[in-house]
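Worksheet for the structure shown next.
The values are calculated or read from the model by the stated rules, or taken from the named source; none is laboratory data. These numbers come from a predicted model, not from an experiment. All Cβ positions, even for glycine, are placed from backbone atoms using ideal geometry, and neighbour counts span all protein chains on display. The area values use the complete protein model at the heavy-atom level, side chains included, leaving out ligands, DNA and RNA. Shrake-Rupley method; radii C 1.70, N 1.55, O 1.52, S 1.80 Å.
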2 protein chains.
Amino acid sequence: MSKETNKASEPAPTPELDRRKTSILGTVVYEYIATGEPVGSATLTQKYNLGVSPATVRAEMAALEDEGYLDQPHTSAGRVPSDLGYRYYVDRLIQPEVLGTEERELIRTEIHRARTQLDSAVDHASHVLSNLTRSIAFAVSPRLDSQTYRHLQLIWVNAHHVHVVLVTELGTAAQATIESAREVDPDQLTRACNTLNARLAGRRLNEINAALLTELTRDNALPAELLRALAAMFATHGDLELERRLFAGGANNLLDQQEFRDFRTLRAILELLEEQQTLYRWLQESLQHEGATVSIGHELGSADMNECSVVTIPYKVGDRTAGALGVLGPRRMQYARLLSLISHVADSLNTLFQNETPA
Amino acid sequence: MSKETNKASEPAPTPELDRRKTSILGTVVYEYIATGEPVGSATLTQKYNLGVSPATVRAEMAALEDEGYLDQPHTSAGRVPSDLGYRYYVDRLIQPEVLGTEERELIRTEIHRARTQLDSAVDHASHVLSNLTRSIAFAVSPRLDSQTYRHLQLIWVNAHHVHVVLVTELGTAAQATIESAREVDPDQLTRACNTLNARLAGRRLNEINAALLTELTRDNALPAELLRALAAMFATHGDLELERRLFAGGANNLLDQQEFRDFRTLRAILELLEEQQTLYRWLQESLQHEGATVSIGHELGSADMNECSVVTIPYKVGDRTAGALGVLGPRRMQYARLLSLISHVADSLNTLFQNETPA
DNA sequence: TTTAGCAGTCGGCACAGGAGAGTGCTAATC
DNA sequence: GATTAGCACTCTCCTGTGCCGACTGCTAAA
């Protein structure tokens, strides 16, 4: 299972708390996640065998509040975890939840279903994730550069537009329509396409650049513009990959969560889903880390998102990181379960995309 | 401009009201759409020059309520239009709103932008519609059958999967991955594909059926299954066209409307968007009518949708109805403006898809 | 037929008071 | 010195009351 990365406070890891504080903090977080109600000292001692009296718990909770791990909605209410409290819980206290076999099976079959298109496997992954977590799930389609070229089809649409379909060893990987200011000759296009297929089969896509394409198609010169676009498709340069598809779904689950009964939050999330930019950025950031990344409340960087948390995880095609998926839910989410689920979904994708001939 | 069709009460058109009742009903609807507040007799006589006193207006409103055109939220409140009231307004009283030139221009340019893919034009249409109406817009991609074959590309993915890209005179029209239980030979596929392109160019897609495909590819026999799937792609049979893409967006506009501050309604709509089935059915029904179709409140057939209205309109490719688009908003929507907008968007699509060589 | 006037109805809001939950503090206890 | 019982205190939430304002329906006069 993947390790979760501390994202917001990279240089200053949370200091360690003594055993009893740890135990109380953990119990408060656990209980609050389960019930959604502020947790009082009495409840805590009754439901969990802590071996101390409510008065002691009160003192410790007051201390934990001073140190910033707990919040108090108002004077006469119980305690609620703060962002820091959740952070400590996620970084140190969480223990991976074991998934039921039926869940594991569901994930596997669902993801393996439509496997001739890489896109569609990721789409399915996002769907199954949103259903299992009853939250919003999102994912970005895989980058191509480390995959192996199998077949390219250049289809002449009209003098200024060429449709491209790329098939890699893993299946149909990308399609796009490229516009060219210079006119494209259909016959030259066909011949160039044949040459490319003859010469490029088996190559890694990231070895293929505009210069190579130009050289191979010298006899049937195509517009440089077209070749550049083609090369760009193969070797995704940095962050400019706006063409990659983003899947998001599960907005109907929003209203199950009491924290989303607030219209400000609700609107913020719906706008997020509509514009997609931010989701995309979160996934992009996730690519930097090995395992799952958890971002809690204010760490998301928007006041309207203070009641939310996001969990993201990268997935691989072959041996290389190719994309990522994520879940957006209430800050009061079941982190243990969610981390297990998302890790398993990512693992399933990895397995599917691992060997070069899945079908 | 298109005529709106009475959808729910086809056989029994609303009876005509006398001049004064008509005027009062119209004013109530107009005022309520503008303000969102129940309309009282005093407000009405003050803001609109009706030539009668509040008392008379009260009597008429009471009558209109008896006849079912108005509702009263509670005894001491003003009146609100009922579904029947809106229906009368839409069918008889509405006068088309003239769009500003900047709006017309926006629609035109936005739709003409990505025009090498039919899908993408419809997608853009849906987007521009949701932005201009600040509501949810949705649309289904065009059916193909009346278009002209230009080019077909069959791409061998693996022994059991073939990727198909179809280009018609209007541009890239469809792509799909077809699964075949019987093995497909790559060389035969290529030769069959060449034959088809040589023989089918210029034909109407609906003239092409499985029998014709089988005959043309007799020399390079392909699995019957594959040919059937191919034929199905061309000649969309009735309602079985689950492969056609549906676009929907604008959920973030939901919260602008006070009627969507209700969680029941909100959830119902979010679920609608997620499952897509119902949206699809509405569009399907819209194809039966010439112009715009307006469905008001209970006419949508779901209790959770009582506060909503839907406007749909078909669009054409060539001279034949090929798809439809729609807007989902509050029952208290600006029907006049909305009908103008959606009609203009549909007209723009029609123009774009009219001639056989747009690019 | 229309209108002015008036009594009646109802929702919404502000306000007060009581119940309940949970705290912090202090003094006694281990 | 750490822990605990007891208690006064604080604050939210709920409920009930009373008032204000908006609009109606009815009746009698124009």
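Check B:L266 against each of (1) within 14 Å of another protein chain (Cβ to nearest Cβ); (2) open to solvent by 10 Å² or more (accessible area, probe 1.4 Å); (3) farther than 26 Å from B:E103 by Cα and name the one condition it does not meet. If we test B:L266 against (1) within 14 Å of another protein chain (Cβ to nearest Cβ); (2) open to solvent by 10 Å² or more (accessible area, probe 1.4 Å); (3) farther than 26 Å from B:E103 by Cα, just (2) comes out false. Scanning the stretch B:105-126 for residues that are within 14 Å of another protein chain (Cβ to nearest Cβ), assigned to a helix (DSSP H, G or I) and hydrophobic (A, V, I, L, M, F, W, C) turns up B:L118, B:A121.
Taking the condition touching a residue at least 40 places away in the same chain (Cβ under 8 Å), touching a Phe, Trp or Tyr at 6+ places or on another chain (Cβ under 9 Å) and either polar (S, T, N, Q) or not assigned by TED's automatic domain parsing to the domain that holds A:I313 (or both), does A:Y48 pass? For A:Y48, the condition - touching a residue at least 40 places away in the same chain (Cβ under 8 Å), touching a Phe, Trp or Tyr at 6+ places or on another chain (Cβ under 9 Å) and either polar (S, T, N, Q) or not assigned by TED's automatic domain parsing to the domain that holds A:I313 (or both) - is not met. In the stretch B:1-41, of all residues being modelled with pLDDT under 95 and in contact with a Pro (Cβ under 8 Å, 6 or more places away or on another chain), the one that is nearest to B:G301 (Cα to Cα) corresponds to B:N6.
Looking at this structure, is A:H127 under 21 Å from the mean Cα position of the chain (by Cα), touching a residue at least 40 places away in the same chain (Cβ under 8 Å) and more than 30 Å from A:Y30 (Cβ to Cβ)? In short, no. Only one entry of B:T177, B:T214, B:T172 meets the criterion of being outside any strand (DSSP E or B) and either free of Cβ contacts under 8 Å to residues at least 24 places away in the same chain or under 23 Å from A:L166 (Cα atoms) (or both), and that entry is B:T214. When the stretch B:38-86 is filtered for residues that are of a type in the set (F, W, Y) and in contact with a strand residue (DSSP E or B) (Cβ under 8 Å, 6 or more places away or on another chain), the ones remaining, listed by number, are B:Y69, B:Y86. Of the residues making up the stretch A:50-69, those that are within 12 Å of DNA strand D (Cβ to nearest atom) and part of a loop (DSSP other than H, G, I, E, B) are A:L50, A:G51, A:V52, A:S53. Among residues of the stretch A:136-180 being open to solvent by 20 Å² or more (accessible area, probe 1.4 Å) and among the acidic types (D, E), the one that is farthest from the other protein chains (Cβ to nearest Cβ) is A:E169. All of (1) under 20 Å from B:M333 (Cα atoms); (2) among the charged types (D, E, K, R); (3) surrounded by 15 or more Cβ atoms within 10 Å (Cβ to Cβ); (4) within 16 Å of DNA strand C (Cβ to nearest atom) hold for B:E60 with one exception: (1).
Does A:L287 qualify as being over 30 Å from B:I269 (Cα atoms) and open to solvent by less than 60 Å² (accessible area, probe 1.4 Å)? Taking the combined requirement at face value, the residue satisfies it. Exactly one residue out of B:A181, B:A201, B:A268, B:A173 is among the small types (G, A, S) and at pLDDT below 85: that is B:A173. When each of A:L152, A:L99 is tested for being more than 16 Å from DNA strand D (Cβ to nearest atom), outside any helix (DSSP H, G or I) and touching a Cys at 6+ places or on another chain (Cβ under 7 Å), the lone residue that passes is A:L152.
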